[in-house]
1. Once a ≥ b ≥ c are taken as the square roots of the eigenvalues of the Cα gyration tensor of the stretch 3-81, is the result rounded (a/c under 1.5), prolate (a/b larger than b/c) or oblate (a/b not larger than b/c)?
2. In a GNM of the chain with a 10 Å cut-off on Cα contacts, which of I17, I72, I59 has the highest mean-square fluctuation?
3. Give the angle, between 0 and 90 degrees and rounded to the nearest 10, that separates the Cα long axis of helix 3-23 from the longest principal axis of the Cα atoms of the chain.
4. Pick from G67, G28, G58: which residue has the top mean-square fluctuation in a GNM of the chain where Cα pairs under 10 Å get a spring?
5. Hey, what number do you get for the chain at 222 nm if only DSSP H runs of n ≥ 4 count, each worth -39500 (n - 2.57), divided across all residues, to the nearest 500?
6. So what's the net charge close to R35: Lys and Arg +1, Asp and Glu -1, counting the other residues with Cβ under 13 Å from its Cβ?
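What follows is calculated from the coordinates using simple rules that are stated; it is not laboratory data. Keep in mind that what you see is a predicted model, and the values were worked out from it rather than measured. Backbone-built Cβ (ideal geometry, glycine too); neighbour counts: all protein chains shown.
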Amino acid sequence: MTMKERGEELVSLCESIVEMCRSRGADGAEVFAMRERMAGIQLERDSMKFTSVTETFGIALRVLKGGRMGFIATLEMREGLR
C-alpha cells in the first residue's frame, strides 16, 4: 500500500467515525488520527547488521452531545475498535 493510499484510508476511517457519531445523535464530533512508519538500518564496516521497521498508529475522538463532552484515545487498531 502506498503512502497516499494509507493517507486516504486514514481519512476515510475518520470520516466514517464522524458520520457514525452523527447518526447516533451527537451534536458534534472531531477525530484526530496519525500513522507513522519508520525504518532503521545499522551499518558496520559497510555491511548491514540490523534493520527494523516500526509503525505507530493513534486515534482520538471527541464527541459533544447535550452540552456534554466525551473524549477517548487509543494507540491500538484492532477490528473490534473499528
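1. Prolate, because a/c is 1.5 or more and a/b exceeds b/c.
2. Greatest mean-square fluctuation among the candidates belongs to I72.
3. 20 degrees
4. With Cα springs under 10 Å in the chain, the top fluctuation among G67, G28, G58 is at G67.
5. Theoretical 222 nm ellipticity from helices: -9000 deg cm²/dmol.
6. On the way: positive: K4, R6, R37; negative: E5, E8, E9, E36, E55, E76.
Net of charged neighbours comes to -3.
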